[in-house]
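The values are calculated or read from the model by the stated rules, or taken from the named source; none is laboratory data. What you see is a predicted model; the values in this text were computed from it and never measured. All Cβ positions, glycine included, derive from the backbone under ideal geometry; neighbour counts span all protein chains shown.
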Amino acid sequence: MTIVGITACPTGIAHTYMAAERLEKAGKKMGLRVKIETQGAMGIENELTAEDIREAAAVIFAVGIPVRRKERFEGKTIYEIGVQEAIKNAEAILLKIQNELGR
Amino acid sequence: MAVEYGFAFPLPQGLHARPASLIQETAARFPAKVSWDNLRNGNSADAKSVLSLIGTDTQHDDPCRIRAEGAAERDVLRALRHLIEAELPEREKEADAGLAAMSGKAGIPRILLLEKALFFQGLPAGRGIIRGRVTVHDPGLEMNAEETPPGLSPAEEKSAYFEAAASLENEMRRRREETQEKTERTVLDAHLSLLRDPAFSAKVTALIAAEGISAAAAVSRTCRIFGDMLQASRSRYLRERMADIRDVSRQLLVRLLGTSAPETRIRLGAPAILVAEDLSPSEFLALDKSLLLGLGLETAGVTSHALIMGRARGIPAITGCPGLREKLRSGEEVILDGSRGLIIPAPAPAVGRYYEREMEADKKRTAARRKSSILPGRTADGRAVEIAANIGHPEELQAAWNDGAEGVGLFRTEWLLMDRPSPPAEEEQWALYARLAAEAKGRPVIVRTFDIGGDKPISFLPLPPESNPFLGFRGIRVYERFAGLVRSQLRAIMRAAVGGPLKIMFPMVSMPEEILGMKELLGQVREELAAAAVPHRPDVPVGMMVEVPSAALQIDRFSEHVDFFSVGSNDLLQYLFAADRGHPSLPGFGRPHHPAFLRLLKTTVEAAHAHGKWIGLCGEAAASPRMLPLLVGLGFDELSMTSSAIPEIKSRLRGLESAACRELAEAAVGLPVGRDVEDLLDAFERRGESGALITPELVRIGSDSRSKAEALQELAVMMEAAGRVGSRDEIEAALWRREDNFSTGIGFGVAIPHCQTAAVRSAGVGFVRFAVPFGWDAADGEAVEMAMMLVLPAAESNRDHLKLLARLSRRLVDEEFRAELRAIADETEAAELISSALAE
């Protein structure tokens with residue numbers, strides 16, 4: 001299963017990347033393919049392609065500010081959480097999504 | 001019938017002088033009698049007296065009551081209520097904002113603001129930090145007058161007092177009308193309100209009546225009584241009010257006694273920080289220096305002789321701090337920070353700890369400076385570049401030698417002419433230059449002849465003020481008119497040169513004719529001395545400053561007449577670009593790395609060398625580590641600078657290869673704009689780096705820092721010791737600015753303080769693990785176990801900064817990585833671990 005996501009915190013310096021790291025690591029541990037786009041002070045990095053998004057079973061927005069180019073995710077199941085939450089409970093969040101999607 | 005208004009006092013700092021004077025002003029607008037009762041301590045006051053209001057010792061949240069009785073009692077109560085509830089808190093916020101504006105700047109350690117410490121700021125006048133007790137030197141008119149016996153009956157003494165007060169009030173009013181200066185008016189207003197303060201005159205007259213003492217003694221006692229009351233406070237405003245009370249009392253006493261203060265000798269009974277208005281050189285010399293810990297002066301110039309002598313002895317000092325004598329009391333303990341120009345009375349424990357750590361860092365810094373000061377001025381491949389000092393007094397020689405100066409590249413003499421009614425005699429000058437020659441112990445000393453002009457008024461020389469003194473009658477241009485003065489200087493130097501290698505240098509030369517005129521004068525002087533059989537050195541080398549572009553372009557012509565050159569880079573820059581160095585709207589003009597300037601320097605040095613002449617440089621650029629490779633590459637034989645810059649310049653010089661510097665200078669001269677040279681210098685600076693962001697000296701395991709303030713101090717000091725930053729104060733201030741913006745505590749017991757500023761020479765990462773975790777943002781906040789700091793130079797693109805921070809953040813959320821950081825016991829291993837984590 002593939003899950004994609006976006007992390008973005010207000011200053012875009014530390015927490016954006018911490019959250020991305022946590023989600024990616026947790027996914028790896030759980031055997032999921034997790035790709036996170038960071039929208040930080042350096043702009044958009046590790047950008048999600050149309051293909052990434054099409055294949056994703058779910059989308060996570062771990063953000064403290066509005067997501068840029070949100071229109072890419074129209075029609076997808078989106079889980080919106082806080083950045084801190086992603087940093088603290090990345091595994092629990094992925095587990096919950098997994099359960100909700102029934103797989 | 002009286003009316004009342006009860007409230008809790010709203011200001012966090014209590015009822016100090018500023019709000020008290022606002023309350024007094026408001027109350028005084030109405031005829032009703034107004035009283036202020038503090039219900040916590042039972043103190044009462046007349047609300048129309050500032051002193052009496054302050055005397056109620058009203059603190060934040062104290063229950064208070066204002067009672068008004070008489071005409072317009074309701075109006076006055078309404079006005080006061082509005083003042084206390086609405087206006088005062090607003091006004092205090094404004095005042096606090098003023099204080100906060102200071103906090104982003106380097107030079108005021110943040111701990112002082114965090115601890116709300118009382119401190120006074122002057123000018124740094126002697127490096128170093130000292131903690132000790134104060135001895136206030138004060139002619140003390142108001143103290144001595146306490147003994148004045150009464151000459152008259154109490155009633156007559158009273159009227160003498162009222163007469164003196166009225167006459168003083170009249171004079172103050174007159175001065176207030178006359179002055180256009182806003183701050184002067186404010187001061188006069190404050191003095192007038194004190195003079196009219198009913199509590200003050202009530203106290204004076206009560207003392208005369210009750211004790212039958214003289215008016216002078218009563219004023220003196222009253223001053224002391226109110227003074228003690230105010231001075232017990234840690235509030236800055238009250239201490240300043242104290243200065244006002246003493247000032248007014250003194251002026252009253254002058255009127256009552258008709259005398260001025262008797263001079264008293266300064267005596268130190270125990271080790272002390274001397275606080276005085278000014279200090280004459282003889283007073284300084286008479287002091288027992290073994291007891292002199294530091295100096296806090298009010299009005300002395302930074303370059304006054306007492307302070308020059310103090311610096312030479314390494315005595316921490318500040319000056320330019322008016323009212324210091326009134327704000328401090330003898331016996332009181334203070335920290336004097338001579339490096340930043342601060343004096344901190346009654347330091348709180350956290351402030352004391354911060355400064356203990358500062359003193360420790362200072363000690364290490366001095367030791368490191370000593371080490372590099374003894375290096376010879378040579379590049380890595382052995383090319384000699386003489387590193388010399390710019391000084392203004394023989395007293396500075398010792399400090400210059402201690403800093404590692406190999407000579408004096410610029411000895412200024414114009415101060416000899418200032419602040420005196422007549423020119424110095426040849427003998428006086430001779431004694432000074434002879435001392436210079438003797439104490440140089442064989443090292444070369446370049447004596448620059450009087451550099452005077454319209455911007456430096458000299459009482460006995462008719463130099464009319466000019467609209468543009470920098471393009472006017474100055475330097476060598478005035479010598480023909482004041483030939484007698486110049487002759488005395490040349491005679492004195494030639495005579496003194498018998499005792500050591502003195503050289504003569506003329507300032508502000510722009511045409512060969514000027515030098516020819518001086519050579520003629522030198523010839524006459526030589527003949528006179530020989531004819532009179534006065535011992536002298538006839539062949540004293542003669543040189544000139546190159547600070548006017550026309551001089552730089554005629555080096556070949558000048559080479560026929562002079563033995564050496566020294567570029568005055570500050571003036572040459574401003575004349576070349578036609579831009580005042582300090583002009584606020586022209587910050588980008590006149591930068592020493594601009595290709596146009598480098599091109600001029602290149603042709604100047606090449607021309608001098610082509611004619612076999614020695615050429616040095618004695619402006620600010622000489623002290624710039626960034627300019628150093630360019631100046632070496634251009635081929636200067638000597639660089640002369642303020643002596644405190646010497647150890648660093650010497651150690652930098654040791655790291656440079658002369659061939660690489662030449663290539664750098666060649667390349668820089670050919671670039672189109674200043675920005676390109678900046679980039680070239682950045683690349684050059686980075687070239688020599690190992691690339692290691694973190695080394696073991698940037699790691700501390702088991703740090704004793706107990707707060708954010710101490711942690712940032714520790715990290716900044718570490719970076720400085722590792723040579724990665726120029727001004728560690730600037731780094732600390734930059735780290736704080738970042739923290740103010742958004743705290744860098746990222747959770748997981750980790751903080752990542754960081755900054756990007758021009759004070760950073762090469763990017764670095766520092767790591768500190770604390771022995772005892774503490775709250776990063778508040779004492780009870782989430783505890784931080786370790787801090788990872790990142791500093792980046794301003795020149796680097798922001799992106800590099802952000803990338804490193806992003807990488808660090810990603811690594812730090814990894815529990816395993818944190819566990820490793822927590823467990824690691826060895827600083828070298830920690831540096832390796834972090835290095836490899838950053839490289840991934």
ask   = Can you tell which of B:Gly404, B:Gly377 is small (Gly, Ala, Ser) and farther than 25 Å from B:Leu307 by Cα?
value = B:Gly377
query = Taking helices (runs of 4 or more DSSP H) that fall entirely within segment B:606-718, which contain at least 2 residues that are surrounded by fewer than 15 Cβ atoms within 10 Å (Cβ to Cβ) and not hydrophobic (A, V, I, L, M, F, W, C)?
reply = B:658-669, B:674-687
ask   = Which residue, of B:Ile701, B:Ile694, is closer than 24 Å to B:Asp800 by Cα and either in contact with a helix residue (DSSP H, G or I) (Cβ under 9 Å, 6 or more places away or on another chain) or of a type outside the set (Ser, Thr, Tyr) (or both)?
value = B:Ile694
inquiry  = Out of A:Ile44, A:Ile65, I need the residue that is surrounded by fewer than 15 Cβ atoms within 10 Å (Cβ to Cβ) and in a strand (DSSP E or B). Which one?
reply    = A:Ile44
Of residues in segment B:782-802 being part of a loop (DSSP other than H, G, I, E, B) and away from chain A (no Cβ under 11 Å), the one nearest to B:Arg737 (Cα to Cα) = B:Ala794
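Results for (1) assigned by TED's automatic domain parsing to the domain that holds B:Ala645; (2) within 22 Å of B:Pro538 (Cβ to Cβ); (3) in contact (Cβ under 8 Å) with a residue 60 or more places away in the chain, shown as yes or no for each residue.
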residue	(1), (2), (3)
B:Thr413	yes, yes, yes
B:Ala425	yes, no, yes
B:Ile452	yes, no, no
B:Lys456	yes, no, no
B:Leu461	yes, no, no
B:Val478	yes, no, no
B:Phe482	yes, no, no
Matching residues in segment B:550-563 - criterion: being more than 15 Å from B:Met518 (Cα to Cα) and not in a helix (DSSP H, G or I) = B:Leu553, B:Gln554
ask   = Would a scan of segment B:26-38 turn up a residue that is in the same structural domain as B:Ala68 (by TED's automatic domain parsing), more than 13 Å from B:Arg91 (Cβ to Cβ) and among the hydroxyl-bearing types (Ser, Thr, Tyr)?
value = yes
request  = Hey, can you tell me all the residues within segment A:45-55 that are within 13 Å of another protein chain (Cβ to nearest Cβ) and touching a residue at least 12 places away in the same chain (Cβ under 8 Å)?
outcome  = A:Asn46
request  = Select from segment B:438-496 the residues that are of a type in the set (S, T, N, Q) and assigned to a loop (DSSP other than H, G, I, E, B) and write down the one among them that is farthest from B:Ala388 (Cα to Cα).
outcome  = B:Ser467
ask   = Tell me, which residue of segment B:48-101 that is within 43 Å of the chain's Cα centre (by Cα), of a type in the set (Gly, Ala, Ser) and over 21 Å from B:Ala199 (Cα atoms) is modelled with the highest pLDDT?
value = B:Ala86
query = Which one of these is of a type in the set (Ser, Thr, Tyr) and out of contact with any strand residue (DSSP E or B) (no Cβ under 6 Å at 6 or more places or on another chain): A:Thr11, A:Thr16?
reply = A:Thr11
task = Only residues that are away from chain A (no Cβ under 12 Å) and closer than 12 Å to B:Ser809 by Cβ: list them for segment B:737-751, please.
result = none
ask   = Is at least one residue of segment A:35-48 β-branched (Val, Ile, Thr), under 15 Å from A:Lys96 (Cβ atoms) and under 12 Å from the mean Cα position of the chain (by Cα)?
value = no
inquiry  = Let me confirm something: among B:Pro793, B:Pro773, which residue is in contact with a helix residue (DSSP H, G or I) (Cβ under 8 Å, 6 or more places away or on another chain) and more than 24 Å from A:Ile44 (Cα to Cα)?
reply    = B:Pro793
task = Would you point out the residue of segment B:757-774, among those that are part of a strand (DSSP E or B) and touching an Asp or Glu at 6+ places or on another chain (Cβ under 7 Å), that is modelled with the lowest pLDDT?
result = B:Thr757
note = For segment B:350-400, the count of residues that are under 24 Å from B:Val725 (Cα atoms) and assigned to a loop (DSSP other than H, G, I, E, B) equals 6
note = Those residues of segment A:1-41 which are modelled with pLDDT of 90 or more, in a strand (DSSP E or B) and within 9 Å of chain B (Cβ to nearest Cβ) amount to A:Thr38
task = Check B:Leu573, B:Leu600 and return the single one that is under 24 Å from B:Asp676 (Cα atoms), modelled with pLDDT of 95 or more, assigned to a helix (DSSP H, G or I) and not basic (Lys, Arg).
result = B:Leu600
inquiry  = Step by step: first the residues of segment B:803-837, then only those that are touching a helix residue (DSSP H, G or I) at 6+ places or on another chain (Cβ under 8 Å) and not in a helix (DSSP H, G or I), then the one that is farthest from the other protein chains (Cβ to nearest Cβ). Which residue is that?
reply    = B:Ile824
request  = Could you please let me know if B:Ala306 is in contact with a Leu (Cβ under 7 Å, 6 or more places away or on another chain) and at pLDDT below 90?
outcome  = yes
remark   = Quick count over segment B:511-536, residues being small (Gly, Ala, Ser) and closer than 16 Å to B:Val562 by Cβ, is 2
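Going through segment B:719-736 one residue at a time, which ones are under 24 Å from B:Ala783 (Cβ atoms) and either within 10 Å of chain A (Cβ to nearest Cβ) or not hydrophobic (A, V, I, L, M, F, W, C) (or both)?
B:Glu732
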inquiry  = I'm trying to understand the selection: among the residues of segment A:56-103, which are within 14 Å of chain B (Cβ to nearest Cβ) and of a type in the set (A, V, I, L, M, F, W, C)?
reply    = A:Ala62, A:Ile65, A:Val83, A:Ala86, A:Ile87, A:Ala90
task = Take segment B:438-449 and flag every residue that is at pLDDT below 95 and crowded, with 20+ Cβ neighbours inside 10 Å.
result = B:Ala440
request  = Kindly list the number of the only condition in (1) among the basic types (Lys, Arg); (2) modelled with pLDDT of 95 or more; (3) surrounded by 20 or more Cβ atoms within 10 Å (Cβ to Cβ) that fails for B:Arg383.
outcome  = (3)
